[in-house]
Structures are given as C-alpha cells and as structure tokens.
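Here's the structure, in structure tokens; my notes come after.
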Amino acid sequence: MSRFFSKKYSSLEAYTPGEQPKDMKYIKLNTNESPFPPSPKVTEYAKAESEKLNLYSDPESRVLTQKAADLFGVKYENVLMTNGSDEILNFAFMAFCDEDKGIAFPSISYGFYPVFAELNHIPYKEIPLKEDFSIDVEDYCNIGMNIVIANPNAPTGLAMSAEEIEKIVTTNADSVVIIDEAYVDFGADSVVDLTKKYDNLLVTQTFSKSRSLAGARLGFGIGNEALIADLNTIKYSTNPYNVNRMTSAAGIAAIEDNDYYMNNCKTIAENREYTKTELAKLGFETLDSKANFIFTRCDKINGGEFYLKLKEMGILVRHFTKPLISDYVRITIGTKEQMDALLEATKKILEVK
Ligand code: PMP
C-alpha cells in the first residue's frame with residue numbers, strides 16, 4: 001500500500017478472481033467459463049466493428065439493448081447493459097444501498113457481494129445457509145434490508161423456485177431485491193417476468209457463462225423503468241461508455257444466434273448429470289446443481305488435497321478455504337472429453353491413496 005492510499009479503502013479486502021496460471025496448459029474447470037467458442041457470427045461482427053474503434057461506442061448500446069429487451073419480452077427502458085454483470089451489481093449496491101439501508105445475502109455465496117458492500121461503505125448481513133446448503137426463504141421475509149441472492153447460488157449450484165423468490169420480493173416491498181441470475185440458463189427458473197409486476201425487483205444476468213463471452217465483459221440488468229433510470233444515473237456518473245464497440249457487436253450476434261447458445265447449455269446440463277453420476281460411483285457426494293458447475297466432496301480425500309492433486313495432473317478446479325465448505329471443490333462443467341479427463345484423473349488420485 002502506498003502512503004497515498006485513501007484511508008477509506010485501507011482495510012478493503014479485494015475480491016480474488018479464480019487463478020489464470022500461465023505455467024502450463026490446464027484443463028480449466030475453475031472459473032465457470034463456457035468450453036464452447038462464441039458462434040462464428042460473434043467473431044465476424046466484432047471484427048467488422050474493430051474498424052471503427054477510433055470512435056466512441058454508443059453510450060446507450062441502443063441496438064443491443066433493444067435486442068435484449070425483445071429476447072426477454074420487456075421494454076427498452078427496462079434494460080441496462082454493463083461491463084460484465086459485476087458492473088451492474090456494483091451499480092446496484094451504489095444506487096440502492098447506504099449507511100441507513102444495508103444489504104443482506106447468504107453467508108456462502110458469490111464472494112464479490114461483501115467486497116461491493118465494503119467498497120461502498122454499506123452495512124451488510126450475511127445470513128447462514130441451512131445445513132443442506134439451501135437458502136431458507138423465511139430468513140429473508142420482512143427483513144427491511146436490500147437483498148442480493150444468486151439463483152442458482154454459487155458455489156453450491158442450488159436453485160430457489162420463482163414462488164420462493166416472489167415471497168421474498170413481496171415481503172420486502174420497501175427494499176430492492178436483486179436476483180443474480182448469472183447461471184440461470186443451465187436449468188433454474190428465471191424471474192425476469194416478475195420484474196413487470198414488482199417495482200422492487202432487479203434481475204441481473206451475464207453473457208459470460210451461457211453465451212461464451214466471459215472475455216468480452218457483457219452483463220445486464222432488467223427491472224422497473226425507475227430502477228433502471230437510477231442505475232443509469234450511476235453509470236453516467238462513472239463510465240458512460242461502459243460497453244465497448246466490439247463487445248456490443250458481439251452481444252448483438254450472440255442474441256441473433258441464441259439457439260446455438262441454448263443448445264450448448266443443454267449439452268452442459270447433460271454433461272453435469274453425467275459427471276455427477278460417475279463421481280457418485282467413486283464415492284463423491286454432489287449437491288443438486290442447476291448451474292454450469294458442481295460442488296462436490298468425498299470422504300476419501302479432502303477438498304484442498306483433491307484440488308492440488310488435480311492441479312498437478314493439469315486440471316484446475318476451485319477450492320475455497322472458508323469454514324463449512326473447505327471439504328468441497330467446485331468443478332466447472334466442460335465438454336464430455338474434459339469431464340472424462342477429470343474422472344480419469346480422479347480415479348488415479350483415489351487409487352494411490
Ligand atoms: N454473479 C455470480 C454469482 C458469479 O459467479 C459471477 C462470475 N464470477 C458474476 C456474477 C459476474 O460475472 P461477470 O462479471 O463475468 O458477468
């Protein structure tokens with residue numbers, strides 16, 4: 001830390017992204033990216049747009065925003081495109097929370113939530129999960145705080161039903177409920193439609209997982225027009241050109257090729273169920289994930305050791321040292337071939353033990 005770093009950030013513990021090592025070629029199952037490349041149209045549109053990089057992007061990303069609105073059956077005014085969904089989440093923390101109005105989220109969830117809260121000096125409450133790692137809806141009813149819940153949750157992969165989320169939204173009518181649907185396309189119910197009914201519900205999604213665009217940084221929020229207007233005030237006060245030209249063009253192509261991406265999601269969901277079944281034969285217990293990753297543990301090997309052994313064999317997964325979940329590893333679901341390589345490596349690791 002330099003002697004100039006502002007006191008207001010001196011105790012900030014920044015978010016640690018999943019490792020991106022360069023020492024060798026790994027099978028990367030640690031950051032929930034898609035194993036499938038973007039569709040050819042995405043590369044084509046982005047390349048064509050690259051010739052106009054001397055000009056600023058459209059700050060409203062109008063074509064992309066309208067396409068997204070049409071895809072989700074909402075109006076233009078209900079959508080805001082951002083630089084990854086991390087950006088819309090941060091905007092939402094900034095826009096709707098302050099010292100008087102804090103935010104609640106599950107104690108085991110996306111590690112960025114407490115960081116956004118700390119960064120913006122927002123009081124927050126981490127609500128423990130039930131013993132089976134599921135979220136107890138009752139814990140979130142009538143709590144008088146803003147709420148953010150990832151659905152499916154990460155790193156557990158467990159999903160809530162739309163009815164459960166609606167109950168949280170209706171019992172907290174004077175607070176904003178943010179549902180982070182980063183992984184929704186792999187098998188959970190989206191609550192985008194409920195944004196038409198409730199003015200306190202913001203849904204965030206991303207092109208990083210189901211639409212193979214993690215490296216382009218594209219996310220978005222859908223909500224009531226007034227909520228989106230507030231988020232735009234934050235956006236225009238921080239970074240008006242938050243979605244660059246090539247990313248915007250890539251996003252347009254990705255929406256035009258929606259069927260390709262939704263088919264990939266189906267394949268990933270099939271590979272997830274296959275991996276879960278095969279791991280069970282080796283003695284692993286895996287939570288019922290609706291996401292593009294699984295959270296799994298085995299009595300024969302602890303999470304940290306399994307992670308290290310897999311890494312030695314060229315397979316990267318994610319291990320969290322946090323209490324309650326340190327026995328587990330989170331494994332991103334890739335292609336069938338990648339999952340077979342993981343299963344083979346796992347067999348070898350368990351054999352020598
Ligand atoms: N929400 C959750 C639950 C995530 O796991 C991630 C990915 N790290 C994000 C949001 C943010 O993803 P992105 O900024 O790539 O859209």
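I'd like the per residue volume of the convex hull spanned by the Cα atoms of the stretch 167-209, given in cubic angstrom.
67
For K281, go through the lysines and keep the ones whose alpha-carbon is under 16 Å away, minus same-chain ones fewer than eight residues off.
Excluding near neighbours in sequence, the set is K300, K347, K348.
On full extension of the chain, what length is gained from K300 through E312, given 0.36 nm per residue of separation minus the C-alpha to C-alpha distance?
Full extension from K300 to E312 adds 2.5 nm.
Suppose we keep just the DSSP beta bridges with both residues in the chain; what percent of those would be antiparallel, to 5?
55
Just to be sure I follow the definition: excluding the sites themselves, where is the longest run in the chain that has none of the chymotrypsin sites (Phe, Trp or Tyr not before Pro) in a DSSP loop with at most 12 other Cβ atoms within 10 Å?
57-353
Over the residues of the stretch 262-353, compute the C-alpha Rg and express it relative to 2.2 N^0.38 Å.
That ratio works out to 1.01.
Provide, for the stretch 1-107, the number of lysine pairs with alpha carbons under 20 Å apart, each pair being eight or more places apart or on different chains.
Taking the Cα cut-off of 20 Å, the pair count is 5.
How large is the Kirkwood hydrodynamic radius of the stretch 99-184, counting all unique pairs of alpha carbons, in Å?
Over the stretch 99-184, the inverse of the mean reciprocal pair distance is 12.9 Å.
What are the extents of the Cα atoms of the stretch 199-331 along their three principal axes, in Å, largest first?
Principal extents (Cα only, largest first): 52, 35, 31 Å.
Taking amide H positions as placed in the peptide plane 1.01 Å from N, state which residues far from Y124 in sequence (5 or more) or on other chains have amide H under 5 Å from it.
Excluding prolines and chain starts, which carry no amide H, the hits are I103.
In sequence order, what are the phi-derived ³J(HN,Hα) couplings for the stretch 114-130 according to the Karplus relation 6.51 cos²θ - 1.76 cosθ + 1.60 with θ = phi - 60°, rounded to whole Hz, with x for glycine and proline?
Here the 3J(HN,Hα) series is x, 5, 4, 5, 4, 4, 9, 6, 10, x, 9, 10, 9, 9, x, 7, 6 Hz.
What is the Å³ per residue value for the convex hull set by the Cα atoms of the chain?
It comes to 152 Å³ per residue, whole-number rounded.
Among all lysine pairs in the stretch 107-263 that are eight or more places apart or on different chains, how many have alpha carbons less than 20 angstrom apart?
Pairs that pass both the separation and distance tests number 4.
Once amide H atoms are built 1.01 Å from N in the peptide plane, which residues 5 or more positions from I27, or in another chain, come under 5 Å H to H?
Correct list: I315, L316.
Could you state, as a whole-number percent, how many of the C-alpha pairs of the stretch 1-148 are farther apart than 22 Å?
When all Cα pairs of the stretch 1-148 are counted, 63 percent exceed 22 Å.
Determine ³J(HN,Hα), in whole Hz, for all residues of the stretch 69-76 in sequence, where each value follows from phi through the Karplus function 6.51 cos²θ - 1.76 cosθ + 1.60 and θ = phi - 60°; x replaces Gly and Pro.
In residue order, the calculated couplings are 4, 5, 4, 9, x, 10, 8, 3 Hz.
Provide the per-residue ³J(HN,Hα) series for the stretch 309-324, in order, calculated from phi with Karplus coefficients 6.51, -1.76, 1.60 and θ = phi - 60°, each as a whole number of Hz, with x at glycine and proline positions.
Couplings: 5, 5, 4, 4, 8, x, 10, 9, 10, 10, 10, 10, 8, 4, x, 6 Hz.
Do any GluC sites (Glu not before Pro) in the stretch 94-170 lie in a loop, going by DSSP, with at most 15 other beta-carbon atoms within 10 Å of their beta carbon, and if so which?
Hits after loop and neighbour filter: E99, E131.
How high is the relative contact order of the chain, in percent, with contacts defined as C-alpha pairs under 8 Å that are six or more residues apart?
About 23 percent, as a whole number.
Calculate the dipole size of the stretch 40-256 relative to its Cα centre from +1 charges on Lys and Arg beta carbons and -1 charges on Asp and Glu beta carbons; express the result in debye to the nearest 20.
My answer is approximately 860 debye.
Since every read-out is calculated from the coordinates, none of them should be taken as a lab result. None of the values given here were measured: they were computed from a predicted structure. Cβ atoms come from the backbone with ideal geometry, glycine included; neighbour counts cover every protein chain shown.
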